[in-house]
Amino acid sequence: MIREELDRLVGWKERHRRVTARLLLLLAATLLVDAIGTVLIYFLERHAQHTEVRTLGQALFFSSVQLLTVSSQIRNPLTPAGRAVDVALELWAVIAVAGSAGAIASFFQSADP
C-alpha cells in the first residue's frame, strides 16, 4: 500500500501537470500584484511626512513582505490611499495562500484513471 502511494506521488500524470500549472499561474499573478503594489506604494507614500518608503527598493520590500503575510520593520503606510493598497496586498496574500492550499489539497484528493 505504501509503495502504491509513493508511485502515485512520484509519477508525473495529468494531476501533476494540473497542480503545477495552477501554482505557476498563482505565482505569476502574485508577481504582477507585487509589481503593481510596489509602484502604487512608491508613488503614494514617497512624499508623505515621516514615511520610511522613499525608494522603489523600499516600496518593493514593503509590498513583498505584505504579500508574504509577514510584517516588516517599515511603518505601515501613512496615506489613506497607501493604506488601501496595503489592505489589498494583504487580502491578495490570504487569497493566494488559500488558493495554493486548495490546489495542493485537490492534488492529493484526485486520482488519475
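Annotations for the structure displayed:
- Pair-distance profile P(r), taking every C-alpha pair of the range 1-48, with 10 angstrom steps and integer %: 22, 25, 20, 15, 12, 6, 0
- What the Cβ-Cβ distance of Arg46 and Leu68 gives, at R0 = 30 Å and to the nearest 0.05, is a FRET efficiency of 0.85.
- Residues Leu56 and Leu23, FRET efficiency given R0 of 35 Å [Cβ-Cβ distance, rounded to 0.05]: 0.80
- Of the solvent-accessible surface of the chain, computed with a 1.4 Å probe over protein heavy atoms with every protein chain present, carbon and sulfur atoms account for 68 percent.
- FRET efficiency, 1/(1 + (r/R0)^6) with R0 41 Å, evaluated for Ala88 and Leu9 via beta carbons: 0.70
- Val39-Met1 pseudo-label distance in nm [points 7 Å out on the Cα-to-Cβ vector]: 5.5 nm
- Whole-number Å³ per residue for the convex hull built on Cα positions in the range 58-99: 54 Å³
- For volume of the Cα convex hull per residue in Å³, computed directly from the structure shown, the correct entry in [x] 105; [y] 97; [z] 240 is [x].
- Residue-normalised accessible area of the chain, expressed per residue, 1.4 Å probe, Å²: 67 Å²
The values are calculated or read from the model by the stated rules, or taken from the named source; none is laboratory data. These numbers come from a predicted model, not from an experiment. No Cβ is skipped: glycine too gets one built from the backbone with ideal geometry, and neighbour counts run over all protein chains shown. Heavy atoms of the whole protein, side chains included, go into the accessibility calculation; ligands, DNA and RNA do not. Shrake-Rupley method; radii C 1.70, N 1.55, O 1.52, S 1.80 Å.
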